[in-house]
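Participant: If you scroll down you'll find the structure; I have some questions about it.
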Amino acid sequence: QEVQVFARVAERVRTVHASDGDPVSAGQPLLTLSAEIPSAGLQQASAALQAARIERNRLAAELSRSETLLREGAVARAEVDRLRHGLESADAQVRRLAGAERAADQQRARTVVRAPIDGVLTQFEAEPGMLVTPQLPIASVVRLDEVEVQLDLAEADFVRVEPGMEATISLPAISGFS
C-alpha cells in the first residue's frame, strides 16, 4: 500500500522532521510549515473574542444595575429591555467569535504535515524554505509488511524458479530493508 502525502495549506517549509527512506508511524510529523499567516489570523480572532467578552461583561453589569434601578423606579423598562437585547446580541457575538477562533486554530494546526500511515517515507525531497501546496504530493509512505514484486528473469534462471520459493530482495533506496 502506498499513500501520497500532501500539505493541507500552501506555505513554505520551516522544519523537516524526517528523511527519505525513514520508517514513520501514522501521525508522525514530517514537516512543519511556516505558520505566519495562520498565526496572525489566530491572534486577530483571539483579540476580537477578548474584546467581545469584555463588552458582553460590561453590558451584563450595566443590565444588573439597571434592573436594580427599575425595581426602585429610577429607570424605565425600555432601558432595561434595550440592555437585555444588547446583552443577547453580545452573547451571540461572543459565540460567533469563539467559532472563528477555533477555525483559525484549526487552520494553524494544518501547518504540521503528518504521516498518514505506518510505513517507509519515499520520494521525499523537502527542505526548509521550499513552497508546498495542497495540489502537489510532498512524498509517499509505503507499507512494507506485504510486498508484491515483479521480476524480469533470464531464460536460464527461469527454469530454476518454482512457485513458493523463498527469495531475499534488497532495495538500496530504503536503507535496512531486505
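The values are calculated or read from the model by the stated rules, or taken from the named source; none is laboratory data. Just so it is clear, the structure is predicted and the values come from calculations on it, not from any experiment. Cβ placement follows ideal geometry from the backbone for every residue including glycine, while neighbour counts extend to all protein chains displayed. Accessible surface is based on the protein model in full, side chains and every heavy atom, while ligands, DNA and RNA are left aside. Shrake-Rupley method; radii C 1.70, N 1.55, O 1.52, S 1.80 Å.
Participant: Any idea how many residues of segment 18-50 are over 13 Å from the mean Cα position of the chain (by Cα) and closer than 30 Å to E148 by Cβ?
Facilitator: Within segment 18-50, residues that are over 13 Å from the mean Cα position of the chain (by Cα) and closer than 30 Å to E148 by Cβ number 9.
Participant: What number of residues within segment 117-146 satisfy the criterion of being open to solvent by less than 80 Å² (accessible area, probe 1.4 Å) and either touching a Phe, Trp or Tyr at 6+ places or on another chain (Cβ under 9 Å) or not in a loop (DSSP other than H, G, I, E, B) (or both)?
Facilitator: Going through segment 117-146 one residue at a time, the tally reaches 14.
Participant: Of V3, V9, which residue is under 17 Å from R114 (Cβ atoms), of a type in the set (A, V, I, L, M), surrounded by fewer than 17 Cβ atoms within 10 Å (Cβ to Cβ) and modelled with pLDDT under 95?
Facilitator: Result of the check over V3, V9: V3.
Participant: Among the residues of segment 57-74, what is the count of those that are in a helix (DSSP H, G or I), more than 24 Å from E101 (Cβ to Cβ) and not hydroxyl-bearing (S, T, Y)?
Facilitator: Result for segment 57-74: 7.
Participant: Looking at segment 27-50 only, could you name the residues that are open to solvent by 60 Å² or more (accessible area, probe 1.4 Å) and either hydrophobic (A, V, I, L, M, F, W, C) or touching a Gly at 6+ places or on another chain (Cβ under 9 Å) (or both)?
Facilitator: Within segment 27-50, I37 is the sole residue that qualifies.
Participant: Suppose the filter is more than 30 Å from P23 (Cβ to Cβ), at pLDDT below 90 and surrounded by 13 or more Cβ atoms within 10 Å (Cβ to Cβ); does A100 pass it?
Facilitator: yes
Participant: Answer yes or no as to whether L63 is surrounded by 14 or more Cβ atoms within 10 Å (Cβ to Cβ), modelled with pLDDT of 90 or more, out of contact with any Leu (no Cβ under 9 Å at 6 or more places or on another chain) and over 30 Å from V16 (Cβ atoms). Please lay out each step first, then the result.
Facilitator: Details: surrounded by 14 or more Cβ atoms within 10 Å (Cβ to Cβ): yes; modelled with pLDDT of 90 or more: yes; out of contact with any Leu (no Cβ under 9 Å at 6 or more places or on another chain): no; over 30 Å from V16 (Cβ atoms): yes.
Criteria not met by L63.
Participant: Keeping to segment 66-95, report how many residues are open to solvent by less than 70 Å² (accessible area, probe 1.4 Å) and either among the aromatic types (F, W, Y) or touching a residue at least 40 places away in the same chain (Cβ under 8 Å) (or both).
Facilitator: Qualifying residue count, segment 66-95: 1.
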